[in-house]
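Asks: Attaching a single structure in structure tokens format; questions to follow.
The values are calculated or read from the model by the stated rules, or taken from the named source; none is laboratory data. All figures in this text were calculated on a predicted structure; none of them were measured in a lab. With ideal geometry, Cβ positions are generated from the backbone for all residues, glycine too; neighbour counts draw on all protein chains shown.
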Amino acid sequence: MSEEQDNPFVQDLLRSVGPRFCDSTFATYDVPPGDKNALATMMAWAKDFTPGSRGIFMVGPTGTGKTHLAVSALLGLSARYVLCRYVDVPVRIERMRSRIGSGQEPGARAGFRDAMVVLLDELGEVKPTEWVVEQVYLMVDMLYKSNVTTIVTSNKDYDELVGDLGERTVSRLIQMTQKVPVPGDDYRMLQARGDV
């Protein structure tokens, strides 16, 4: 068994990211034409990580590899015994919504209070009802107040998220993270057309 397979931090993370991203590494990231900045930035950030480090806000179009890069960073940190949590925001919101009234309401912050790094994947992809805005705020506010290093992936820039999630949430994200644009064309669409 490899050291990575024995590492409970890596195994815990792999269970939450699912099979699609289990093999994500910086080496397997397909750099969009004309852009090497996102990859270089994420590699340096992961290498230099210390607890309480400023996080990353990756923004770009669908299919540019934001989740791949973020999970690559988390897997690398987990291999160094840094406790990381992956949160698929749309899935988490749907699970919370389905538990309303069931007596099994875990709350927006359950499951990652002990983490040193949390990835909020696909932020801004859920219709921003008043309830959704409140739940996302509670997640972000807990991470902010606890000084948990946070990585965010989104198709929406800070300005667009203000319209969806409100100034309080986005203001915290701006302070908590460094913006890393991930430009390019949708890699899945390029594959489907045979362009890669």
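Asks: List the number of the failed condition for ASP195; all other conditions in (1) in a loop (DSSP other than H, G, I, E, B); (2) closer than 28 Å to ALA44 by Cα hold.
Replies: Only one criterion in (1) in a loop (DSSP other than H, G, I, E, B); (2) closer than 28 Å to ALA44 by Cα is unmet by ASP195, namely (2).
Asks: If you don't mind, another one. Step by step: first the residues of the stretch 48-79, then only those that are touching a residue at least 12 places away in the same chain (Cβ under 8 Å) and charged (D, E, K, R), then the one that is farthest from LEU13 (Cα to Cα). Which residue is that?
Replies: My answer is ARG54.
Asks: Across the stretch 44-69, what is the total count of residues that are of a type in the set (Ser, Thr, Tyr) and either surrounded by 18 or more Cβ atoms within 10 Å (Cβ to Cβ) or under 12 Å from the mean Cα position of the chain (by Cα) (or both)? It would help to see each step written out before you state the result.
Replies: Start the filter on the stretch 44-69 by keeping residues that are of a type in the set (Ser, Thr, Tyr), which leaves 50, 53, 62, 64, 67.
Those left that are additionally either surrounded by 18 or more Cβ atoms within 10 Å (Cβ to Cβ) or under 12 Å from the mean Cα position of the chain (by Cα) (or both): 64, 67.
Residues meeting the conditions: 2.
Asks: Scan the stretch 73-94 for residues that are more than 11 Å from the chain's Cα centre (by Cα) and either among the hydroxyl-bearing types (Ser, Thr, Tyr) or part of a helix (DSSP H, G or I) (or both) and jot them down.
Replies: Correct list: LEU75, GLY76, LEU77, SER78, ALA79, TYR81, PRO90, VAL91, ARG92, ILE93, GLU94.
Rundown of residues vs (1) surrounded by 16 or more Cβ atoms within 10 Å (Cβ to Cβ); (2) more than 21 Å from ARG97 (Cα to Cα); (3) β-branched (Val, Ile, Thr); (4) at pLDDT below 95, yes/no style:
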position	(1), (2), (3), (4)
ASP114	no, yes, no, yes
GLU122	yes, no, no, no
TYR137	yes, no, no, no
ILE151	yes, yes, yes, no
ASP157	no, yes, no, no
LEU165	yes, no, no, no
THR169	yes, no, yes, no
VAL180	yes, yes, yes, no
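Asks: Hey, does the stretch 7-23 have a residue that's surrounded by fewer than 23 Cβ atoms within 10 Å (Cβ to Cβ), touching a Leu at 6+ places or on another chain (Cβ under 9 Å), in a helix (DSSP H, G or I) and of a type in the set (D, E, K, R)?
Replies: yes
Asks: So, one more: Out of all the residues in the stretch 32-47, which are part of a loop (DSSP other than H, G, I, E, B) and free of Cβ contacts under 8 Å to residues at least 24 places away in the same chain?
Replies: Listed by number, the list holds a single entry, LYS36.
Asks: Still on this structure: Would you list the strands (runs of 3 or more DSSP E) that sit entirely within the stretch 113-192 and hold 3 or more residues that are more than 25 Å from MET43 (Cα to Cα)?
Replies: By residue number, no strands (runs of 3 or more DSSP E) qualify.
Asks: Separate question: Please work out if VAL91 is within 26 Å of ASP159 (Cβ to Cβ), of a type outside the set (S, T, N, Q), in contact with an Asp or Glu (Cβ under 8 Å, 6 or more places away or on another chain) and modelled with pLDDT of 90 or more.
Replies: Considered against the rule, which asks whether it is within 26 Å of ASP159 (Cβ to Cβ), of a type outside the set (S, T, N, Q), in contact with an Asp or Glu (Cβ under 8 Å, 6 or more places away or on another chain) and modelled with pLDDT of 90 or more, VAL91 comes out as no.
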